[in-house]
Each structure stands twice: as C-alpha cells, then as structure tokens.
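Undergrad: Quick one: this structure, given as structure tokens, is what I'll be asking you about.
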Amino acid sequence: MLAFESLRSILLSIPKDLIGIFLVLNLCACLGVFVSRRWSSGATVRAPSPDLEKPALGVRGKVVRPPGEWTPSDFKRPTATPYTDWNVHSTKPLPYRPFRYGPKYFVTLGLRSMNWNEWIELDNHYLKYHADKAQRIEERGSKCCHTAPEAMDGAIELLNELCEYLPERYPTMFEKTPTGISNKVTNETFNITQRPLPEDPMATAARLVQDDLAIMIERPDGEYYLLGGAVLLAGFWRLTDKFGMRLSEIHTSGDVPQYKSKLEKGMMNFFRRLRPEDPVLRNNYFIQVDDNLAWSHSIGPEDADEVSWGTAEKNRAIENHFFRSERQSLRRLPKSGAVVFTIRTYFEPITEVVKEPFVPGRLASAIRSWGDDVSRYKGKEKYQEVLLEYLDSKHREQIEGGLEVDKEDEIRSYPF
C-alpha cells in the first residue's frame, strides 16, 4: 500500500504532457508486440512493400552469404487453395490498369507482396496462348527457349514447382502424375523424371502456363545473369538479345528510363535480399500499334539486326492501337537459389479498354505525364495524336453520361 501511495505521488508530480507521451509510447509498444505475435503465429497480415535500400545483413551488419553461393533453403511453398470455379472457357482475364493520373510520372520498381495463390494466373485465353507458344517453340526453338548449363538446376526446379502448384490451384485442368503432370484440357502429359528430358525444361514449363519465364543466376562476382528463358510472347524484346547479360546490362541496353539514377541500386539490393518466402509482384504497361501478341512487327521484323520504334508507322487508325500490360512475379527458388520471373502479358484493343468507367481519362492523363525519356522508350511520338484525341473524346462521353471523376477512389483504387 505504501509503495502504491509513493507511486501515486510521483505520477501526480509529473506534468500532464509527459504523462500523455508516456501513455502513447506504451500504447505503441503494446501494438508492436501484438503485430509481432500475429505475424509469427501465421495469421493473415499483409506484408509491407520490400525496403529496397537495405542490404542483406547478418551479424553486426555483415553480409552472411558470399556472392554467388547459395545454401539450399528448407522453405516449402504453402499449398495453393484450389480455384474451384475456374473455367478455361469462361474465366475472364483480370483487368489490370496500372497507370496513374498526371501531372507527374514516377519511375519506380513498383513492387508489392504476392499471395502464393496468385503466382500463376490462367484465364479463358489459355488455349490461344498455348497454341501460339507451341507454334513458336516449333518454329523458333532455342531463339525463344534456352537454358545455360549453370541454370539447368534452376530450370528443372521451376518445372517441378509448376507441376506441384498447378494441380493444387487449377484441379479442373491439371492433374499430378507419378512422373510429372497431365493437362486434362489439352490431353497432354509431361514426364519430368526421365533423363535426359525430352526438351529444354523451360520449354516444357512454358507449355503449361500463359506466362513467359526467365531465370536469373548469381555468379561469384555478385551480379545476376539471365541464363534461362522461355520468352515466346514478349512483343518488344528477344531472348537472343538479352541472354547471358547482367541484370543492369539488360536494362541499360534497352534504354530503360532512369535505370542508372533511380532503379539500379534498389534493384541490386532487392535481388541480394530476396528470400524464397518473400515473392513479389509488379505491373507495367505499353501501347502497341499492331495486333500481334507474340512480336510487335510494327517495330521491325523479329529477326532484323536492330528493331526500334523508328520503323513504326505514325498515327495509325485507332483500331490498330492495343493496350499491352504485363504482370510480373519474382521469387527465389529454395533449392537452387535461382531468381525466377514470370511475365504474364494481357493484350486488349484500346477500343475495348476505354469502355470501362474512368479508364480513358486516367490513361490520357498518364500518357501526358510521361517525361521525354519515358515517351521515347514507349514510342509515344508514333501514336500520341490519334490516341490522345480518341481517349479525350471517350472521357468527355463518360462525363456527359454522368461519370463523377472524383468518385473513382470509392469505386476502384489504383492501380487495378
């Protein structure tokens, strides 16, 4: 009792402002403990976006893993939840719209955490993508699908992962077999246990999904190199141009805007820190002025020595304008340590995209916000007059029809 009275007298002597601060600090501490316990217990808590500026640190701030060395992790991907109502004929593509209103355009990596159920997305365009890929594998072979010897373990691990994941997530389409996987829609069965494999494992992986695939391997110099790929529907880039390149060289050779000044450091730190349990997603978008999903022939023949927007016809009719959006996932494979990209392309006529509320106005604003470097990279000079006039007219129609632009955030939030 005496101790209580002493404590009471001390508290009464402290100014009220300090007591308020004391209570706030204690409340923050309690919330920190609560969140920590929820996280460690496995409850569903959205992970924050990765901090790209922090290196992979171990004891006393030193990097634990030497460059180019990887100790297999015991991480196992969580079992995917079955997408029971998925249908190869009726499940529509997700309408990704990753563009912001201007007036400023920010060049960022735009990474966000990925739910494991979302690793591979399939929809009712699957059969077309599957047929297009099969044709290109047959016609172009190693120009589109190739794996270097040092990436072979990663490619086989990726194929094994897909053969585990797809029957879990899409049981109406895929079935796991003792030797691999069976596609119940296309009536294909793949044996992934025989040696040698009947084809490059990246080609087999590409036949299973709608995504393009790429594998980055860290060499002893600490740099990541593109050493495995199935790049069949990329539109604007060729595997043969980038194969064997360092991560930075891939981007600088393609004149990615502000890569050296704003992206390189963060991307290198991200790759070094990426753990098997922390997959991420990002989205981007382009305008294309022809209807070829696999290769945009408007920038030149696919086998030309050089291709560029300089060869594209200027201000084609709006019917020739297409919205090309990529959804990319990045994850590290636990056994090989390889970093895998999945690159899922969504390809739609602009004339269809603008039917969605808010889209024509927001897209026009986004395009106008591009700086000169981004505009050159995305070929804006070739289509801006026709496209912006069309988007503006469709935006006016929506406004005249009663659309309240300031209500968009209440209906759908950026960027999707």
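Undergrad: In terms of Cα to Cα distance under 20 Å, which aspartates and glutamates are near enough to residue 335, apart from those fewer than 8 places away along the same chain?
TA: 69, 74, 150, 153, 157, 161, 164, 200, 218, 223, 277, 278
Undergrad: Another question, then. At a threshold of 8 angstrom on Cα-Cα distance, excluding pairs fewer than six apart, so keeping six or more, what relative contact order does the stretch 103-239 reach in percent?
TA: Values: 165 pairs, mean separation 39.3, N = 137.
The value is 29 percent.
Undergrad: Separate question: Percent of alpha carbon pairs in the stretch 279-416 separated by more than 28 Å? The partial results should precede the final answer.
TA: Numbers: 2622 of 9453 pairs.
Summing the P(r) tail past 28 Å for the stretch 279-416 gives 28 percent.
Undergrad: Roughly how big is the stretch 273-416's charge dipole about its Cα centre, with Cβ charges of +1 (Lys, Arg) and -1 (Asp, Glu), in debye to the nearest 20?
TA: Result for the stretch 273-416 is approximately 800 debye, rounded to the nearest 20.
Undergrad: Once neighbouring chains are kept in place and the probe is 1.4 Å, which whole percent of the accessible area of the stretch 286-365 is contributed by carbon and sulfur?
TA: Working: 1320 of 2720 Å².
Of all accessible area on the stretch 286-365, carbon and sulfur atoms account for 49 percent.
Undergrad: In addition: Which entries of 76/265; 133/378; 143/378; 242/394; 382/407; 143/394 have Cα-Cα distances beyond 31 Å here?
TA: Numbers: 76/265 29 Å; 133/378 25 Å; 143/378 24 Å; 242/394 39 Å; 382/407 33 Å; 143/394 41 Å.
Distance filter (> 31 Å) returns 242/394; 382/407; 143/394.
Undergrad: Could you work out the local net charge near residue 351, counting Lys and Arg as +1, Asp and Glu as -1, over the other residues with Cβ closer than 14 Å to its Cβ?
TA: Here the count lands on -4.
Undergrad: Quick one: putting +1 on the C-beta of Lys and Arg, -1 on the C-beta of Asp and Glu, what dipole do you get for the stretch 104-228 around its Cα centre, in Debye to the nearest 20?
TA: Here the size comes out at about 340 debye.
Undergrad: Further question: Please give the length that would be gained between residue 316 and residue 397 if that part of the chain were fully extended, namely 0.36 nm times their separation in residues minus their C-alpha to C-alpha distance (nm, one decimal).
TA: Net length gain for the segment: 26.9 nm.
Undergrad: Ignoring ligands, DNA and RNA, what accessible area per residue does the stretch 240-385 give at 1.4 Å, in Å²? The partial results should precede the final answer.
TA: Working: 5760 Å² over 146 residues.
Using a 1.4 Å probe on heavy atoms only, each residue of the stretch 240-385 averages 39 Å².
Undergrad: Report the GluC sites (Glu not before Pro) located in the stretch 264-322 that are in a DSSP loop and have at most 12 other Cβ atoms inside 10 Å of their Cβ, or state none.
TA: 306, 313
Undergrad: Now for a separate question. Go through the stretch 374-384 residue by residue and turn each phi into a ³J(HN,Hα) via Karplus (6.51, -1.76, 1.60, θ = phi - 60°); whole Hz please, and just put x for glycine and proline.
TA: So the Karplus estimates, Gly and Pro as x, are 5, 4, 5, 4, 9, x, 4, 4, 7, 9, 4 Hz.
The values are calculated or read from the model by the stated rules, or taken from the named source; none is laboratory data. On a predicted model such as this, the values are computed, not experimentally measured, just so you know. All Cβ positions, even for glycine, are placed from backbone atoms using ideal geometry, and neighbour counts span all protein chains on display. In case anyone asks, the SASA skips ligands and DNA or RNA and just uses the protein heavy atoms, side chains included. Shrake-Rupley method; radii C 1.70, N 1.55, O 1.52, S 1.80 Å.
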